[in-house]
Each structure stands twice: as structure tokens, then as C-alpha cells.
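What follows is a short report on a single structure.
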Amino acid sequence: MSVLPFSSEVQQDIGTALGEWNNPSYDVTLLKDAKTLSALVKKLEDQGVTICFFEMPYTPILSQTRYATTVRKVLEQVFGLNNNRWLNLEYPVDEMRWTGDGVHLDERSALIFASALDEAIGKKFTTAR
């Protein structure tokens, strides 16, 4: 596909967001929030709840920002590299489209992603039994 998955207006909005998404001031907060999440996960799992993690797709440029990469690193640091809570989502990444902010999927892409999420959850619980 030679056509970008988002319009020039979306590109402009994403450009505006890049400064915020590359702000280093989130680093400490992200680690603190991940530790809080870890405590909540432990508490829920102790009660028999199954926890699943997944990552929503961002536009490729936002996916490489400091915020996005730090979230991934912090979750790996707190939950470990071989964390089996992560779902394996299979969907056509190159066909995803976003709304003006570059974070929220358009209706079509949201349906594709929701279907992939449903399938991944189904597989996880089918193989877990």
C-alpha cells in the first residue's frame, strides 16, 4: 500500500501530540502506576481472577515515542519478560486507521481489533484448560 493509513489532517494532529508523547516527565509516573497495577493484579489473581494484557495499536510514529516505548519497558520490568498474561493478537497492522488524535481507532479498525482481541481471549482460555 503506497497510501498512508491516515489523512494529512491526522498527520498534523499527530505532529502536535509528538511533543507531549516524548515528554520525559511521565517516566516516574509510569513506573509508579505499573507497580500499583502489579499489586492489583496480584490481589485479583489471588482471588482466582484471570488477568490478560494487550496493547492497543497506535499510529507507527506514536508507537515509537518515549511514552509508548517507556510503557512497554516499565511493564516488562515490573511483570517480567516471560509474562504469560499478554495476549497474542493477530490482525492486519498495516490496515489499521485512526481518528484525528492518532490513538483512537476508526470504526472499521476498532471492529477488526475487537475481533482479534476476542479470538486471542478465546484461544487463551481454550488452551488453558
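None of the figures in this text is laboratory data; all of them are computed from the coordinates on show. Everything quoted here is computed from the prediction, not taken from an experiment. Reconstructed Cβ throughout: ideal geometry from the backbone, glycine too, with neighbour counts over all protein chains shown.
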Of every Cα-Cα pair in region 16-59, the percentage lying beyond 18 Å is 51
Ignoring GluC sites (Glu not before Pro) buried by more than 14 other Cβ within 10 Å or outside DSSP loops, the longest site-free run in the chain is 1-54
Note on region 1-122: C-alpha Rg/Rh, Kirkwood Rh, two decimals, gives 1.00
Those trypsin sites (Lys or Arg not before Pro) from region 29-109 that are DSSP loop and have at most 16 other Cβ neighbours within 10 Å turn out to be Arg85
Along the dipole axis of the chain (charges at Cβ: +1 for Lys and Arg, -1 for Asp and Glu; origin at the Cα centre), the most positive-end residue among Thr127, Tyr67, Pro57 is Thr127
Among chymotrypsin sites (Phe, Trp or Tyr not before Pro) in region 30-129, those in a DSSP loop whose Cβ has at most 11 other Cβ atoms within 10 Å are none
Once normalised by the length of the chain, the mean sequence separation of its alpha carbon contacts under 8 Å that are 6 or more apart gives a contact order in percent of 33
